[in-house]
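These notes concern the structure reproduced below.
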Amino acid sequence: MPTLNTLRKLRMRPVMAIWKRSLARLLDYYETNRGSLISFFPKLFLFFTLLNMSCYWLALLTAYPEEAFGDERIHYFMLQFPVGILGALFDSLSFFITVWIAKRALKTTSLASYIAHLSVDIVIAIVATWWVLFVFSFSGWLISFIQQSPESLTNRAEVYESRVIAAVKDPVNKDSLKNIYFGVVVGISAMLPTFTHLFLSVRAIGIYLRKYAQRWRLG
């Protein structure tokens, strides 16, 4: 990974240079504090498991409280475990992909190439949407066996796919809005890399504008 001194020598747009330095510091912090992969991965997996379970409950209690406390409450309680674990599996693997992409992005010299590298995280977030559909379909199917009321995995998948199609066709419908909200909240963990890049980019713009304003006042 290039050092901060190397980044300073590159002739890039000021905002991009600040953005890169911030990303480099973040990666330096990660590399310095990660430790061995054997000890780090279980911690990362546990973090994402708890995060996914927390997001699941936040989405359920705010969008469908009647389900959380209704006749199917045992089903939804048990559902959190496969949802959390399978979600953490995707998030943990995508985390390392994100780190690898970020390292490659720091080696680029053009703004377009830099943004193109980081935009891969958006693709990961989109893939995560379909992973969430699979997770809920599979988890619901699995729980149905535990509750001794087996269902078809195909039927389960069709239920969630129909909700997605309905949300695309009529996104302002009350049920569609609930489903969209639920999906966004449950998928927060997959959007963390994108949020991080957005934060660093906005921060870079802010730093540049402050420096520019100071030079303008002094001039």
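Using the Karplus equation 6.51 cos²θ - 1.76 cosθ + 1.60 (θ = phi - 60°), what ³J(HN,Hα) coupling, rounded to whole Hz, does each residue of region 73-79 give in order, writing x for Gly and Pro?
4, 5, 4, 6, 5, 5, 5
For each of Val83, Val185, count neighbouring Cβ atoms within 10 Å of the residue's Cβ, then give the residues from fewest to most. Could the numbers behind the result be given before it?
Details: Val83 24, Val185 17.
Ordered by Cβ neighbours within 10 Å, fewest first: Val185, Val83.
So what's the angle, to the nearest 10 degrees on a 0 to 90 scale, between helix 153-169 and the longest Cα principal axis of the chain?
The angle comes out at about 60 degrees.
Taking Cα atoms, how many degrees apart are the long axis of helix 120-146 and the longest axis of the chain, rounded to 10 and kept between 0 and 90?
Long axis of 120-146 versus the principal axis of the chain: about 20 degrees.
Where does each of Lys20, Lys107 land when they are ranked from fewest to most other beta-carbon atoms within 10 angstrom? Can you show the working numbers first?
Details: Lys20 22, Lys107 14.
Fewest-to-most ranking of Lys20, Lys107: Lys107, Lys20.
Based on alpha-carbon positions alone, could you give the equivalent ellipsoid semi-axes of the chain from the gyration tensor, as √(5λ), descending, whole Å? Mind showing how you got there, number by number?
Working: eigenvalues 330, 83, 44 Å².
The answer is 41, 20, 15 Å, longest axis first.
Would you list, by chain and number, the lysines whose Cα falls below 22 Å from the Cα of Lys211, excluding same-chain residues fewer than 8 positions away?
Those lysines meeting the cut-off are Lys9, Lys20.
Quick check on packing: order 121-132, 22-33, 166-177 by the mean number of other C-beta atoms within 10 Å, highest mean leading. Write out the running numbers ahead of the final one.
Values: 121-132: 16.2, 22-33: 13.7, 166-177: 12.2.
Highest to lowest by the protection proxy: 121-132, 22-33, 166-177.
To make sure I understand the rule: partners must be lysines, Cα under 19 Å from the Cα of Lys178, and not fewer than 8 residues away in the same chain. Which ones qualify?
Partners within reach: Lys169.
Taking the chain as the reference, fit the longest principal axis to its C-alpha atoms, fit the long axis of helix 37-63 to the helix C-alpha atoms, and give the angle between the two in degrees, 0 to 90, nearest 10.
Helix 37-63 and the main axis of the chain meet at about 60 degrees.
If you plug each phi of region 96-107 into the Karplus form 6.51 cos²θ - 1.76 cosθ + 1.60 with θ = phi - 60°, what whole-Hz ³J(HN,Hα) values come out, in order, with x for Gly and Pro?
5, 5, 4, 4, 4, 5, 4, 5, 5, 4, 5, 8
For region 37-114 and region 156-219, write down the distance between their C-alpha centroids in whole Å.
If we compute the Cα centre of each part, the gap is 16 Å.
Values in this text are rule-based calculations from the coordinates and carry no lab data. What you are looking at is a predicted structure, and each value in this text was computed from that prediction instead of being measured. Positions of Cβ are backbone-derived with ideal geometry, glycine not excepted, and every protein chain shown enters the neighbour counts.
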